[in-house]
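The values are calculated or read from the model by the stated rules, or taken from the named source; none is laboratory data. Nothing here was measured: the structure is a model prediction, and the numbers come from that model. Here Cβ is always computed from backbone atoms with ideal geometry, including for glycine, and neighbour counts include all displayed protein chains. For accessibility, only protein heavy atoms count, side chains too; no ligands or nucleic acids. Shrake-Rupley method; radii C 1.70, N 1.55, O 1.52, S 1.80 Å.
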Amino acid sequence: MTFKSHMDLALHEARAAAARGEVPVGAVMADASGQVVAQAGNRTRELNDPTAHAEILVIRAACEAAQSDRLPGYSLTVTLEPCAMCAAAISAARVARLYYGAADRKSGGVAHGARVFVHPQCHHTPDIYDGIAAPEAEALLKSFFANRR
């Protein structure tokens, strides 16, 4: 299988989230063959749901499609380093690979902050690839927050 980045699609979802007034984070889940099975952007405000992060939405949709609570072999691409809640969900779903763009020094849960995957209580750690299209993801976030100030 040849690796194909789904970051362009994740960035598209992040832009759509920003257009809805949501923090611009987008995520894409691909199955073991590399086929996209779910894509979403943040919807916390729209759904009045603090758990409606892009990562959680695609994990839910992928689990529904797979008819399983586990996603071995699946890959998650997200524009921003997942927070602790999302990192815990990634571990619980046994997602095989995590690709993310921008680092989140304030609220990240992978390389910053809680660093969920290095805790002894973490049952599964995905392969992690960071910095993919980070400049584009960072620019999108900075623009969004600058326009809200």
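With θ taken as phi - 60° and the Karplus curve 6.51 cos²θ - 1.76 cosθ + 1.60 applied, the whole-hertz 3J(HN,Hα) list for region 10-16 is 5, 5, 4, 5, 5, 4, 5 Hz, x standing for glycine and proline.
Rounded to 0.05, the FRET efficiency of the ASP69 and ARG105 pair, given R0 = 25 Å and the Cβ-Cβ distance, is 0.20.
Using alpha carbon centroids, what distance separates region 106-140 and region 1-72, in Å? That distance is 16 Å. A 1.4 Å probe over all protein chains sorts LYS142, LYS106 by accessible area into LYS106, LYS142, starting with the largest. Is the shape of region 69-136 rounded, prolate or oblate, going by the alpha carbon gyration tensor and its root eigenvalues a ≥ b ≥ c, with a/c under 1.5 for rounded and a/b larger than b/c for prolate? Judged from the Cα gyration tensor, region 69-136 comes out oblate (a/c at least 1.5, b/c at or above a/b). Just checking the listed ones, HIS123, HIS112, HIS12: in the Gaussian network model of the chain with Cα springs under 10 Å, the one fluctuating most is HIS123.
Surface composition of region 1-108: carbon plus sulfur atoms contribute 51% of the solvent-accessible area (1.4 Å probe, protein chains only, all chains present). Couplings 3J(HN,Hα) of region 112-121, computed from phi: 10, x, 5, 6, 3, 6, 9, 6, x, 6 Hz, in residue order, whole Hz [Karplus 6.51 cos²θ - 1.76 cosθ + 1.60, θ = phi - 60°; x for Gly and Pro]. Largest GNM mean-square fluctuation across ALA89, ALA65, ALA16, computed for the chain with C-alpha springs under 10 Å, falls on ALA65. For region 36-75, the list of trypsin sites (Lys or Arg not before Pro) that fall in a loop by DSSP and count at most 14 other C-beta atoms within 10 angstrom reads ARG70.
When the helices of the chain are scored as -39500 (n - 2.57) per DSSP H run of n ≥ 4 and the total is divided over every residue, the value at 222 nm lands at -11000 deg cm²/dmol. Counting only protein heavy atoms and a 1.4 Å probe, region 7-149 has 49 square angstrom of accessible area per residue. Between the amide H of TYR100 and those of VAL78, TYR129, ASP130, GLY131, ILE132, distances stay under 5 Å, these residues lying 5 or more places away or on another chain, with hydrogens modeled in the peptide plane. A Cβ-based charge dipole, computed about the Cα centre of the chain with Lys and Arg at +1 and Asp and Glu at -1, lands at about 320 debye. Converting phi to 3J(HN,Hα) with the Karplus coefficients 6.51, -1.76 and 1.60 and the offset θ = phi - 60°, region 76-84 yields 10, 10, 9, 6, 10, 3, x, 6, 4 Hz in sequence order, with x at every glycine or proline.
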